[in-house]
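Written below as structure tokens is the structure these notes are about.
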Amino acid sequence: MTLGEFEDMMDSCVRCSKCKFIPQLVIQSKRFSSICPSIDYYNFHAYSGGGRMIVASAYHKGRVELTKEMLDVIYSCTNCGGCEVSCKWVYELEPNEAIHELRVAAVEAGAGPMPKHKKYIELVERNNNPYGEDPEKRPAWLTDDITTDESSSTLYFVGCTASYRREEIAVATAKILNSAGEDFRLMGSDEMCCGSPVFRVGDEKKAIEIMKSNIEQFKETGIEKIITSCSGCYNMLKVEYPRFVEHDIEVIHTSQMIEEFIEEEKIKLTEKVPMKVTYHDPCHLGRMAEPYVPWEGEKIEVLSQVFIYDPPKPVRRGAGGVYDAPRNVLKQIPGVELVEMERIREYSYCCGAGGGCRSAYPDFALWASNERLEEAESTDASTLVSACPFCGTNFKEGIESRKSEMDYFDLTELVLRSMGGGK
Amino acid sequence: MLEKKVYEAFTKIVGERHISQDLAVMDTYAFQWCNEIEGAQRGEEPQRFGVRPLAVVLPESTEQVQSIVKLCNEHDVTFKAFCTGMGPWAGVSDPRAIQIDLRRMNRIIEVDEKNMYAVIEPYVTNAELQSELFEFGLMHHAQGAGPQTAPLASHTSFVGPGFTSPYTGFSARNVLGVEWVLPEGEILRLGSFDHSGKWFTGDGPGISLRGIMRGWLGTYGGLGVFTKAAIRLFSWPAPKDWKWKTSGTIPDYDWDVPPYWQMYVLNFEEWEEYQKAMYELSDREVTMVATTSAPEGLAALFTNTKQDAIETIFAGLLAKTRNYIVMLVAAHTQREFDFRTKLVRLIMEKYGGNDLIAEGVTTPMPMHYGETVRNMLGGHAFRFSNCFQSTHGGMDTISMAVRLAQLNQPIKQKYIDKGVIGDDRGLGIWITSYESGHMAHMEAPTVYDPTDIESCLGYAAYQDDCNQLDLDNALGMPFFIVGDEVHNFYAKRAMNYPDWLRKIKGAFDPNGVSDPSHYVKGVEKKK
Ligand SMILES: Cc1cc2nc3c(=O)[nH]c(=O)nc-3n(C[C@H](O)[C@H](O)[C@@H](O)COP(=O)(O)OP(=O)(O)OC[C@H]3O[C@@H](n4cnc5c(N)ncnc54)[C@H](O)[C@@H]3O)c2cc1C
Ligand code: SF4
Ligand code: SF4
């Protein structure tokens with residue numbers, strides 16, 4: 001899609017502000033009524049989903065130019081998709097898609113992405129990861145007691161963050177796989193970034209190159225199934241890749257894999273993990289993980305000015321994310337008591353890290369993680385659990401900054417603990 | 001652009017983070033739903049972008065608002081404040097205007113359980129306030145614009161009909177007192193606050209200025225800035241330990257319906273019976289909700305997607321639906337519930353009606369009960385085409401509402417036949433009764449396509465015809481009159497009331513800096 005193809009949709013925004021809040025019916029309190037960390041932090045309407053759609057429209061119509069402030073508007077959005085869930089409660093509009101297209105247009109115009117993004121994109125191109133770490137050190141987390149099988153058609157795609165920053169997640173995932181007796185291989189130092197940080201900031205051309213090259217590598221090595229412990233990688237491989245590169249590789253997230261292992265009794269959660277936990281739905285495993293279903297059909301005017309799609313066009317509302325698997329796993333860990341926050345599932349509040357915000361707008365990203373932590377604390381849980389190394393990194397920083405007494409764990413870590421540390 | 005020194009002076013008040021003059025940011029304030037209709041009515045090319053403010057400021061306190069207003073007077077800058085800013089009346093009309101976005105003033109200051117009022121700041125939304133009132137067993141009146149809009153905006157500046165209007169009235173009726181930054185920057189607190197520290201009444205102890213502050217229609221931001229409002233609260237008919245609880249996943253949520261609640265859709269073959277039943281149902285105070293729309297509207301009320309709404313229409317809903325009233329009996333106790341539901345049945349039988357829910361023609365799910373009391377049903381109308389606008393309608397007696405609906409039908413049909421507005425067979429209306437009495441609100445929501453010039457022009461012409469219809473048939477006062485021209489249009493038949501509005505405007509805003517846009521311009525404007 002191009003911005004032009006969104007024109008009618010952008011012109012149809014009602015400026016109603018529903019996209020600043022979780023769907024209105026599920027609001028339980030004033031404190032936790034909002035969905036958009038960006039408008040919460042910056043306050044000008046331009047920083048909401050609807051506001052950004054208006055900015056996109058103004059740009060497309062040639063009313064405005066890409067100023068420094070406008071670029072901040074475009075890029076201080078975590079691309080979390082919350083606005084779109086709330087908007088689609090009523091309208092057929094896609095603010096989050098329009099924001100993405102606006103970023104693509106900003107890159108095409110040579111103004112975007114932001115300098116910090118450009119820098120990490122260079123690093124991705126040079127080192128295969130946005131942290132600029134040595135590719136050879138990618139598998140450095142691997143411990144001697146983990147067994148991999150290079151002939152396996154199942155790949156554990158570790159991702160840059162678990163490889164270099166949250167190694168404990170990589171270790172836990174590998175150990176769970178070993179305990180379940182499931183063969184898997186790694187790409188080791190040949191693993192490349194999934195392309196998420198590049199794609200999300202609108203450098204679609206480079207992102208597609210990465211996607212193609214990754215799929216080529218997977219095909220060459222005979223990969224039929226990919227396991228990922230990162231929501232961002234999951235989202236790319238499962239949801240975005242098929243839109244740009246054809247592949248029929250099965251993609252599953254660790255939470256789904258663990259749920260399956262428990263069901264099939266491949267692993268047993270026997271050790272007590274006595275803690276009250278609350279679970280944070282990562283945006284890219286939740287609402288953004290709902291696949292795009294290709295649709296072909298006709299738009300038919302059934303009543304004057306009222307159109308429907310024949311056959312009915314699937315609406316990507318966010319209901320089809322991975323919500324139950326992590327919760328089902330948590331509920332089966334002996335000793336764990338799961339309490340929910342007010343904003344969950346498709347109306348979960350973003351951790352603040354995504355969409356390139358953690359690198360370009362660190363103050364905002366940290367502030368958003370604090371917002372979410374406050375909600376987590378309000379449940380009286382002692383521990384916040386999620387299933388994404390990137391959310392985890394942002395939360396850990398948030399916990400430190402607010403001197404919170406909360407602990408943070410990835411789902412895989414608690415599972416491993418309940419398995420007695422794995423084999 | 002504002003002169004550098006003026007911009008810097010505003011910056012000094014709110015801080016750098018809370019002011020902008022970037023054109024892209026400004027455009028998100030210039031863009032408003034229905035600007036295209038107003039443009040078409042003025043003979044301009046229809047578009048959603050209206051006048052761009054020169055700057056937007058985000059104050060956090062009354063003192064900051066006061067300083068901004070004073071500065072505007074000093075430098076001949078027009079200003080317009082808003083809460084959430086939905087609708088063309090929220091935007092500026094003067095090219096030398098700034099927008100005061102009150103988003104950062106968002107506290108619920110007080111809930112007085114005994115005296116049944118709440119004191120709120122501008123950016124508290126209806127859903128937020130409602131969710132904080134349950135623990136007190138209380139509710140407020142929320143305007144039909146939706147749960148995401150601000151009760152302060154409506155109570156101070158609009159008429160404010162809503163879905164619970166039979167029980168809670170309308171916003172204009174429920175404002176008890178305000179803190180008001182006048183157009184020249186003076187602060188005025190209306191009501192009992194300065195006298196007792198309590199806000200239980202909006203009048204006295206001196207003369208009442210409530211009429212000047214908002215009058216019948218409200219001033220749409222044309223007479224200063226309201227920084228606090230005390231609003232009346234009502235008993236919430238559910239046990240205090242009942243909790244607002246939803247489950248499930250979008251779009252089909254579940255909602256815990258309180259114990260003594262029941263919805264009805266009473267259907268009457270003819271308007272005459274409908275009208276009698278509506279009077280009696282209102283008079284007997286049996287229902288919290290009494291809403292009428294087109295049969296097509298009913299299809300949208302109790303479904304969750306456009307596809308479902310359309311399928312319901314084609315499944316035969318229209319053939320079984322005539323003039324109906326969506327009702328919600330919401331009682332505190334079993335005895336009250338039994339009494340009310342019995343009365344509903346008796347009134348229905350007396351006027352030969354039938355209940356479309358009992359007959360399975362329509363089926364509200366539990367979540368639709370929740371959506372009803374959260375004022376979300378109006379939004380469903382957007383599902384058909386992402387856009388509708390309403391005529392200026394009327395606010396008078398129940399029988400006048402019916403008359404308006406009947407007279408409106410052939411006019412609307414004319415534009416439907418031209419293919420420029422949505423086809424609801426001319427029956428698309430919204431009627432709600434008010435305050436368990438003889439009063440009712442009527443407007444004619446109409447689907448049009450904002451991206452199609454013909455449709456915008458068509459809707460604009462339809463609206464003009466409706467205004468003429470009001471005059472020609474003496475259909476009472478519209479609930480919504482925007483701007484000098486429309487006021488002038490009605491003036492002669494209503495004792496030239498706009499002259500008085502202009503005198504008020506001129507006296508309170510001698511420098512003419514409170515952007516009049518949809519209110520009136522003052523007579524003594526010095527500018
Ligand atoms: C789609 C749609 C449906 C609607 N349906 C209904 C309906 O069913 N019932 C109804 O009553 N209204 C309805 N309206 C009108 C709506 O109620 C008003 O626009 C407003 O009350 C909505 O709240 P808001 O927070 O968006 O107000 P805003 O848009 O923020 O403000 C509304 C007006 O009040 C002025 N204002 C707001 N706050 C202040 C302040 N603090 N000081 C001075 N002036 C202020 C603004 O300048 C503006 O003119 C509808 C509007 C739209 C766009
Ligand atoms: S994607 Fe998230 S951060 Fe961006 S505008 Fe939408 S809700 Fe806000
Ligand atoms: S994007 Fe959707 S929810 Fe947001 S203001 Fe526009 S119409 Fe409303």
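Take each residue of peptide B:14-27, count the partner chain Cβ atoms within 10 Å of its Cβ, and average: the result is 6. Segment B:246-472 has equivalent-ellipsoid semi-axes of 29, 22, 15 Å, by the square roots of 5 times the alpha carbon gyration tensor eigenvalues, sorted largest first. Mean partner shielding of peptide A:304-315, defined as the number of other chain Cβ atoms within 10 Å of each residue Cβ, is 6. Considering only beta bridges that DSSP places wholly inside segment B:4-101, some 25 percent are antiparallel. Largest first and in whole Å, the equivalent-ellipsoid semi-axes of chain B read 38, 27, 22, each the square root of five times a Cα gyration tensor eigenvalue.
Seen against the Cα atoms of chain A and their longest principal axis, helix A:362-377 is set at about 70 degrees.
The residue among B:L427, B:G144, B:C83 whose Cα reaches farthest toward the positive pole of the charge dipole of chain B, with charges on the beta-carbon of Lys, Arg, Asp and Glu, is B:C83.
Counting neighbouring beta carbons within 10 Å and listing from fewest to most, the residues B:T78, B:T156 come out as B:T78, B:T156. Derived from the Cα gyration tensor, the three semi-axes of the equivalent ellipsoid of segment A:302-415 are 32, 20, 12 Å, largest first.
Please tell me which of these pairs span more than 32 angstrom C-alpha to C-alpha: B:K114/B:K245; A:K205/B:K306; A:K61/A:K116; A:K219/A:K276; A:K30/A:K313; A:K88/B:K412? Distance filter (> 32 Å) returns A:K205/B:K306; A:K219/A:K276; A:K30/A:K313.
Here's the picture: charge each Lys and Arg Cβ at +1 and each Asp and Glu Cβ at -1 in segment A:21-137, and of A:A109, A:C80, A:S33 the one pushed furthest to the positive end of that dipole is A:S33. Against the main long axis of the alpha-carbon atoms of chain B, helix B:62-75 sits at an angle near 60°. Using alpha-carbon positions, what is the distance between the centroids of segment B:119-163 and segment B:332-410, in Å? Here the two parts' Cα centres lie 21 Å apart.
Of all beta bridges that DSSP places with both ends in the protein assembly as shown, some 70 percent have antiparallel geometry.
The Cα-based radius of gyration and maximum Cα-Cα distance (Dmax) for segment B:423-497 are 14.4, 42 Å. Only Cα sites of the protein assembly as shown enter the Debye sum here, all with the same form factor; the resulting log10 I(q)/I(0) across q = 0.04, 0.05 1/Å is -0.20, -0.31, listed in q order. Here the residues B:T287, A:T2, ranked from fewest to most Cβ neighbours within 10 Å of their Cβ, fall in the order A:T2, B:T287.
Against chain A, whose longest principal axis comes from its Cα atoms, helix A:254-263 is set at around 50 degrees. Just report the Cα centroid separation between segment B:53-82 and segment A:310-341, whole Å. Answer, in whole Å: 46. Could you grab the Rg to Rh ratio for segment A:236-297? Cα atoms only, Kirkwood for Rh. Result: Rg/Rh = 1.10.
Averaged over the residues of A:42-55, the number of partner chain Cβ atoms lying within 10 Å of the residue Cβ comes to 6.
In this Cβ point-charge picture (+1 for Lys and Arg, -1 for Asp and Glu), segment A:59-150 has a dipole of about 660 debye about its Cα centre.
In this Cβ point-charge picture (+1 for Lys and Arg, -1 for Asp and Glu), segment A:291-423 has a dipole of about 360 debye about its Cα centre.
Note on chain A: along the principal axes its Cα atoms extend 63, 49, 45 Å, ordered by decreasing extent. By the count of other C-beta atoms within 10 Å, a proxy for reagent exposure, A:S386, B:S247, B:S157 are ordered fewest to most as B:S247, A:S386, B:S157. Taking one quarter of the surface of the C-alpha convex hull of segment B:108-235 gives a mean projected area of 7.1 nm². The listed peptides A:206-216, B:439-449, ordered by packing as a protection proxy, come out as B:439-449, A:206-216 (highest mean of other Cβ atoms within 10 Å first). Think of each Lys and Arg Cβ as +1 and each Asp and Glu Cβ as -1; about the Cα centre, that makes the dipole of segment B:108-235 roughly 380 debye. Cross-link partners for B:K70 among the lysines, with Cα-Cα distance under 24 Å and sequence neighbours closer than 8 places in the same chain left out: B:K4, B:K5, B:K12, B:K80, B:K228, B:K503, B:K505, B:K521, B:K525, B:K526, B:K527. Measure out, as a whole number of angstrom, how far apart the alpha-carbon centroids of segment A:350-423 and segment B:452-467 sit. If you average the Cα positions of each part, the centres end up 53 Å apart.
Projecting the Cα atoms of A:N328, A:N43, A:I267 onto the charge dipole of chain A, computed from C-beta unit charges around the Cα centre, puts A:N43 farthest toward the positive end.
Read-outs throughout are calculated quantities, based only on the coordinates presented, and are distinct from any laboratory measurement. This one's a predicted model, so the numbers in the text were calculated from it and none came from an experiment. Glycine gets a Cβ as well: all are built from the backbone with ideal geometry, and neighbour counts include every protein chain shown.
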